[in-house]
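**Student:** Got a structure for you, written out below as structure tokens; questions coming shortly.
Bear in mind these aren't lab numbers, they're just calculated from the coordinates by the rules spelled out. None of the values given here were measured: they were computed from a predicted structure. Neighbour counts run over all protein chains shown; Cβ positions are idealised from the backbone, glycine included.
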Amino acid sequence: MLINPIASGSSGNAYYISDGQSSLLLDAGIPLAQIQAGCGYKVSQLSGCLVTHGHGDHVKAAKALARMGVNIYTSQGTADMANLTGHRICTVRALESFRAGTFEVLPFDVEHDVPEPLGFLIRSTATGEKVLYFTDTVYIKYTFIGLTHIMMEANYDPETIEQNVKEGRIHAARAKRTIGSHMSIETVIKTLESFDLSRLQQVYLLHLSNDNSQAADFKRRVQALTGKEVYLC
């Protein structure tokens with residue numbers, strides 16, 4: 001599976017994946033020109049764009065992609081929040097699978113501060129690989145088996161965010177929102193421990209906070225747990 005993290009973080013998120021026969025864009029929270037470059041200027045060949053939720057750093061270019069003929073797969077709550085309309089907007093429901101090119105996609109519900117946020121389990125019928133993608137969630141209530149690639153949020157370190165509040169580097173209200181809507185490294189570890197990692201090849205840690213994360217420590221801890229390649233995005 002080819003995975004290209006085009007952009008990650010509060011300024012914008014977009015990830016390109018391909019199994020050699022079909023390709024998908026995961027979120028579209030950056031300018032269209034940047035997405036086009038990240039997709040090798042083959043946007044028209046995308047089998048679809050999966051949008052997790054309605055915040056701008058995940059949905060910014062969705063309308064432009066739809067105008068270019070790309071199907072946008074997202075929840076009704078996200079479509080309403082982002083004012084996504086038209087025949088290219090394909091609303092999906094949690095735990096109801098659909099097909100996009102050679103990919104079978106299972107959306108699942110996550111916990112964030114917006115209507116109907118989703119994560120996606122993506123299986124290639126061409127290669128048999130399974131990609132789990134989720135971001136912007138406090139926790140995952142599901143467990144998964146047979147995963148080959150995990151793309152998951154690792155937003156903040158609890159001790160770091162607490163220290164930043166004490167020292168006045170971030171406001172307490174901002175910290176409270178982060179803790180109530182994003183995944184900590186402690187939850188990342190517990191989540192990975194709950195998964196079947198027997199087929200795992202790679203882990204991508206996404207959406208790291210610029211102020212509240214400890215990137216090197218995050219990578220070290222996840223590598224120690226999984227024994228696999230870990231990439232910071």
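**Student:** Could you check, for segment 140-147, whether at least one of its residues is out of contact with any Lys or Arg (no Cβ under 9 Å at 6 or more places or on another chain) and in a helix (DSSP H, G or I)?
**Tutor:** The answer is no; no qualifying residue exists.
**Student:** Collect the residues in segment 187-220 that are without any contact (Cβ under 8 Å) to a residue 40 or more places away in the chain and buried (at least 19 other Cβ atoms within 10 Å of the Cβ), keeping them in residue-number order.
**Tutor:** Listed by number, the list holds a single entry, Val188.
**Student:** Could you run through segment 88-103 and say how many residues are touching a strand residue (DSSP E or B) at 6+ places or on another chain (Cβ under 6 Å), more than 17 Å from Gln45 (Cβ to Cβ) and in a strand (DSSP E or B)?
**Tutor:** Counting residues in segment 88-103 that are touching a strand residue (DSSP E or B) at 6+ places or on another chain (Cβ under 6 Å), more than 17 Å from Gln45 (Cβ to Cβ) and in a strand (DSSP E or B) gives 3.
**Student:** Within segment 192-210, take every residue that is of a type in the set (Ser, Thr, Tyr) and within 15 Å of the chain's Cα centre (by Cα) and give me the one that is nearest to Leu132 (Cα to Cα).
**Tutor:** Out of the qualifying residues, it is Tyr204.
**Student:** Let me ask you something else. Name the single residue, out of those in segment 41-78 being without any contact (Cβ under 8 Å) to a residue 24 or more places away in the chain and not in a helix (DSSP H, G or I), that is nearest to Ile89 (Cα to Cα).
**Tutor:** Looking at the filtered set, the residue picked out is Lys42.
**Student:** Being over 17 Å from the mean Cα position of the chain (by Cα) and surrounded by fewer than 22 Cβ atoms within 10 Å (Cβ to Cβ) is the filter here; which residues of segment 53-69 pass it?
**Tutor:** Listed by number, the residues that qualify are Lys63, Ala64, Ala66, Arg67, Met68, Gly69.
**Student:** Also, quick follow-up: Looking at Ile122, Ile89, which is the one that is of a type outside the set (Asp, Glu), more than 18 Å from the chain's Cα centre (by Cα) and at negative phi?
**Tutor:** When all the criteria are applied, what remains is Ile89.
**Student:** Go through segment 96-115 residue by residue and tally those that are within 30 Å of Gly180 (Cα to Cα) and more than 17 Å from the chain's Cα centre (by Cα).
**Tutor:** 2
**Student:** Identify the residue in segment 1-37 that is in contact with a helix residue (DSSP H, G or I) (Cβ under 9 Å, 6 or more places away or on another chain) and among the hydroxyl-bearing types (Ser, Thr, Tyr) and, among all such residues, is farthest from Val51 (Cα to Cα).
**Tutor:** So the residue we want is Ser22.
Per-residue answers, yes or no, for (1) of a type in the set (A, V, I, L, M, F, W, C); (2) in contact with a Leu (Cβ under 6 Å, 6 or more places away or on another chain); (3) part of a helix (DSSP H, G or I); (4) in contact (Cβ under 8 Å) with a residue 40 or more places away in the chain:
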{"site": "Tyr133", "(1), (2), (3), (4)": "no, yes, no, yes"}
{"site": "Asp136", "(1), (2), (3), (4)": "no, no, no, yes"}
{"site": "Glu162", "(1), (2), (3), (4)": "no, no, yes, no"}
{"site": "Arg169", "(1), (2), (3), (4)": "no, no, no, yes"}
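**Student:** Consider Tyr133 carefully, then state whether it is hydroxyl-bearing (Ser, Thr, Tyr) and surrounded by fewer than 16 Cβ atoms within 10 Å (Cβ to Cβ).
**Tutor:** In short, no.
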